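Have a look at the structure below, then the notes.
The values are calculated or read from the model by the stated rules, or taken from the named source; none is laboratory data. Being a predicted model, the structure only gives us computed values, none of them experimental. All Cβ positions, even for glycine, are placed from backbone atoms using ideal geometry, and neighbour counts span all protein chains on display.
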Amino acid sequence: MKYRSLLAGAVMMSAAAMAQASQPATDGLYSADKLMDADVHLQNEDQAIGEVEDLLFGDDMTLQAIVIETDDDNFDPQDHGYVIQRGDFTVETSTDTDLEDLQYNVIVNLDRDALKQQPTWSNDWWQKARQQASQTWQKTSDAASSAWKDTRQATSNLLQRAGEALEN
């Protein structure tokens with residue numbers, strides 16, 4: 001009887017674990033729609049200096065940078081857009097669970113002087129960045145292709161030697 005209870009408990013725990021595993025994980029999901037126009041703050045400043053204007057993705061569809069548009073006349077009277085690379089900003093999420101009430105707050109991990117040194121969002125920047133990304137992608141592709149050829153050749157040589165050893 002005791003073993004049946006233990007077995008039943010183990011089965012129920014396994015079923016619960018499998019049910020949880022089969023549900024898609026939602027940790028780390030962010031809404032691009034809600035991120036657009038999110039308020040942007042500099043580190044250690046309470047007042048928003050602007051908002052998210054655009055999201056920039058790489059060929060692998062990961063977020064590479066955001067573009068922020070400043071609307072603080074004391075900071076930038078010309079309302080420039082600045083490109084902020086991944087790693088130089090964090091996103092704070094409201095605790096709302098309803099998508100309609102969800103709000104983001106972007107914290108740029110730079111001070112005002114460092115922000116002014118970031119690339120200005122323009123067509124020239126866009127063309128240069130696309131060209132650099134394409135060159136990087138090509139180098140990565142060439143390296144992966146070379147590694148595959150080396151692996152294929154080594155495997156072929158190994159199989160040939162194994163075949164020769166079996167014949168002898």
Quiz item: Restricting attention to the range 114-134, and to residues there that are among the polar types (S, T, N, Q) and surrounded by fewer than 12 Cβ atoms within 10 Å (Cβ to Cβ), which single residue is modelled with the highest pLDDT?
Solution: 117
Quiz item: What single numbered condition from (1) within 23 Å of residue 129 (Cα to Cα); (2) under 15 Å from the mean Cα position of the chain (by Cα); (3) at pLDDT below 90; (4) among the charged types (D, E, K, R) fails to hold for residue 79?
Solution: (2)
Quiz prompt | The one condition in (1) modelled with pLDDT under 90; (2) surrounded by 10 or more Cβ atoms within 10 Å (Cβ to Cβ) that residue 52 fails to fulfil | solution = (1)
Quiz item: Pairs under 9 Å by beta carbon, first residue farther than 16 Å from residue 115 by Cβ and free of Cβ contacts under 8 Å to residues at least 24 places away in the same chain in the range 44-56, partner buried (at least 17 other Cβ atoms within 10 Å of the Cβ) and not polar (S, T, N, Q), six or more apart or different chains?
Solution: 55/35; 55/65; 55/66; 55/67
Quiz item: With 88, 142 as the choices, which residue is at pLDDT below 90 and among the charged types (D, E, K, R)?
Solution: 142
